[in-house]
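A quick write-up on the structure given underneath.
Here, each number is a calculation from the coordinates, and none is a lab measurement. Note that this is a predicted model, so its numbers are computed, not measured. Every residue, glycine as well, gets a Cβ built from its backbone with ideal geometry; the counts of neighbours run over all protein chains shown.
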Amino acid sequence: MPDLSGYRFTLTHEWVHRDGDAATIGISDHAQAQLGDVIFLDLPSVGAKLTAGERFGTVESVKAASDLYAPVTGTVSAVNEELATTPERVNSSPYEEGWLLRLANVSEGEVALLDEASYLARADE
Amino acid sequence: MVEFAGYEMPLRYSSIRDEHLAVRTRAGLFDLSHMGEVRLRGQGAQATAQGLVANDVGGLGPGHAVYAVVCNDDAGIVDDVIVYRVEDGYLIVVNASRRAVDLEWMRAHLALGTQLRDESDETALLAVQGPEAVAIVQSVAGLDVAALPTFGSATGVVAGVSCRVSRTGYTGEDGIELYCDAQAAPPLWDALMEAGTPRGMLPVGLGARDTLRLEAGLRLYGQDMDETVDPYSCGLGWTVKLGKGEFVGAGRLRRLDPEHPRRRFIGLALGARQIPRHGMAVLAGAERVGEVTSGGFGFSLGHGIATAYVPPDLPDAPLGVDIRGEAVPARRVPLPFYRRPRPV
């Protein structure tokens, strides 16, 4: 497991890792474990605008299709294209190889961003 | 764990993908003890069995079994079952979700001189499925498992446990199903795990059971068929033997045209990884022409698959499935989606 001290989590199970005004986002290890094998991701394209708290895509496992919500506001600068053919990276490496999007011009919105311990304490509520 | 027909069952032990692929390439172990087992004994047993199911079980020799549907008077499917001819009568294996309905139905249709006994609660069922399944069971069995033909069964001792050993399954693979006393199931499970693990066998939950049976084109009662569906519409006309004599639903079935069913049960292969699910609309252009009955991801195929009912006269137009508002293109394909490679 990587060092998660720089990761912040939403109660809708996404994570965000800030790097200045850029950020990387994905879904938590807890979320991937609950979903089971990830089969398909519906993600926005480069240039799309995300708004904190709003739906930006879908993650689908055999069990269910779940909406993805933006932890922060920003513009998509990169999409993890590897996930189109190997979405199981979200299961095997949710914080590294299984990242979903990179964002530019990032700002925080109304969404509560928690550290890992606070997130895990509330994840099953 | 999920609740299924009143039983707490695991959706997966590890990963649905890993469990699915283990069954296709090596072996998987299933606990199917929720299935119902009903015994018919006595001199009326054969007449009862023949009167209940649409397939012909009269000519079955001991140790042989067939897949069959139980119909109501309107030819609607009450359940789909496996009927075993056993030494002292018949063993009918029914869906857990239909057990209460089936028992009531069977008791209402007993021929004279038939003793019916519901043995479901005292009977466990473990299945080993996959290309390594026969070898795994053989390694702990006191009978010649490999000699059993498909749909053949025999009684014998497996890992010290008395079982009915049957060459049947619900995965599209070669495999063995073991019926035993419920008390003996835990040690039998442990012995099979011990024998199978070195050969790459995994325990398999309900999730992969569903993706495996769907790839193999096997119907699921309650999704693909119910009392409003006749066997011809469901593509199960091959199990209907009108020449065998009278049985429940035969009158109605004789008036139906097997070649022109009211609805057609089709397979759909998606061009993408999205997963079609039960109840989603099937589209021809913008028009809704049917509904997905079963859907899932074909782990052996790499794309989404579904079965659906469509009108019998549906023109050969491009189809799609409405997945959360997106019309995902789908190709109509023959069932099954997956057929196991023939042994060389």
Shielding of A:52-64 by partners, i.e. mean partner chain Cβ atoms within 10 Å per residue?
3
Calculated FRET value between B:T155 and A:S118, using beta carbons and R₀ = 60 Å, to 0.05
0.50
Under a plain spin-label model, where a point goes 7 Å from the Cα along Cα-to-Cβ, how far apart in nm are B:Q183 and A:L11?
5.2 nm
Chain B: longest stretch without exposed trypsin sites (Lys or Arg not before Pro) (DSSP loop, at most 14 other Cβ within 10 Å), sites themselves excluded?
B:1-261
Segment B:R199-B:Q138, length gained on full extension (0.36 nm per residue, minus Cα span):
20.7 nm
Classify the protein assembly as shown as rounded, prolate or oblate from the Cα gyration tensor: take a ≥ b ≥ c as the square roots of its eigenvalues, call it rounded if a/c is under 1.5, otherwise prolate when a/b beats b/c and oblate if not.
prolate
Rounded if a/c is under 1.5, else prolate if a/b beats b/c, else oblate: with a ≥ b ≥ c from the C-alpha gyration tensor eigenvalues square-rooted, which is segment A:1-47?
oblate
Yeah, chain A with a ≥ b ≥ c from its alpha-carbon gyration tensor (a/c under 1.5 is rounded, else prolate when a/b outruns b/c, oblate otherwise) is rounded
In peptide B:13-19, how many Cβ atoms from other protein chains are near each Cβ within 10 Å, on average?
3
Largest fluctuation, A:T24, A:T85, A:T58 only, Gaussian network model of chain A with Cα springs under 10 angstrom, belongs to A:T85
